[in-house]
Amino acid sequence: GEGLAERETALLLARTMARVEYLRDAEFTRPVSVRFVGRDRFKERLSEMSFGVPKNDQVYEAMFVYGEDENPPEQLSGYLGEAVLGYAAEEGAENITIVTRDESVRAVDSGVLAHELVHVLQDQRFDLSQERYQRDTLDGEWAVDGLIEGEASYVDSQYAERCAGQWS
């Protein structure tokens, strides 16, 4: 298929933003845009992105993300290259990038879009770059990430439940 036309993408974004605002009882303060990147190009760019290299290799080895004789950044990059469906850009959180199989096909799952919109809303409301959200330990980092990702996962599950057929 051809995917979404630019106008269809804008309408889907507006509808999904309104639904996320309703579910979170909070409004976006700045406009949000969606861009698409093909999986192959995403994998090429992954090395330039700051998803973070693990500070504790043993933890990732224990989770079988990679083995002790493997290159951690390379293995993590390979995993993320296949697993990431979308992300909210770090530069001011007004951009969401959706990873598609083919860059020419603008396709997005509304649950993925809702999840990433929660991250944009979080950053617009709380400025997640503030020092209070930065932690020096892996446990602290994961605690903050758990709150951030937990809220987005909760909202995207509520979104899926409410929008499974028709929004009411």
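Of all residues in the range 80-108, those satisfying the criterion of being assigned to a loop (DSSP other than H, G, I, E, B) and closer than 17 Å to E149 by Cβ are V84, L85, A89, E90, A93.
Being assigned to a loop (DSSP other than H, G, I, E, B), at pLDDT below 90 and open to solvent by 80 Å² or more (accessible area, probe 1.4 Å) is a property that does not hold for E27. Against the criterion of being touching a Gly at 6+ places or on another chain (Cβ under 7 Å) and of a type in the set (S, T, N, Q), T100 qualifies. Restricting R41, R19, R7 to residues that are in a helix (DSSP H, G or I), in contact with a Phe, Trp or Tyr (Cβ under 7 Å, 6 or more places away or on another chain) and not β-branched (V, I, T) narrows the list to R19. Pairing residues of the range 116-142 that are open to solvent by 90 Å² or more (accessible area, probe 1.4 Å) with residues that are assigned to a loop (DSSP other than H, G, I, E, B) and not small (G, A, S), at Cβ distances under 8 Å and at least 6 apart in sequence or on separate chains, gives R125/T29. Here E94 does not fit the description of being touching a residue at least 24 places away in the same chain (Cβ under 8 Å), in contact with a strand residue (DSSP E or B) (Cβ under 8 Å, 6 or more places away or on another chain), charged (D, E, K, R) and surrounded by 21 or more Cβ atoms within 10 Å (Cβ to Cβ).
Being open to solvent by 40 Å² or more (accessible area, probe 1.4 Å) and either more than 15 Å from the chain's Cα centre (by Cα) or of a type in the set (D, E, K, R) (or both) is the filter; apply it to the range 97-115 and report the residue that is nearest to R15 (Cα to Cα). Full working, then the answer.
First, the residues of the range 97-115 that are open to solvent by 40 Å² or more (accessible area, probe 1.4 Å): 101-104, 106-107, 109-110.
Filter once more, keeping what is either more than 15 Å from the chain's Cα centre (by Cα) or of a type in the set (D, E, K, R) (or both): 101-104, 106-107, 109.
On the way: R101: 24, D102: 24, E103: 23, S104: 23, R106: 17, A107: 16, D109: 13 Å.
Looking at residues that are open to solvent by 40 Å² or more (accessible area, probe 1.4 Å) and either more than 15 Å from the chain's Cα centre (by Cα) or of a type in the set (D, E, K, R) (or both), I get D109.
The values are calculated or read from the model by the stated rules, or taken from the named source; none is laboratory data. Keep in mind the model is a prediction, meaning the values are calculated, not measured. Cβ: placed from backbone, ideal geometry, glycine included. Neighbour counts: every protein chain shown. These area figures cover heavy atoms from the full protein model, side chains too; ligands, DNA and RNA do not enter into them. Shrake-Rupley method; radii C 1.70, N 1.55, O 1.52, S 1.80 Å.
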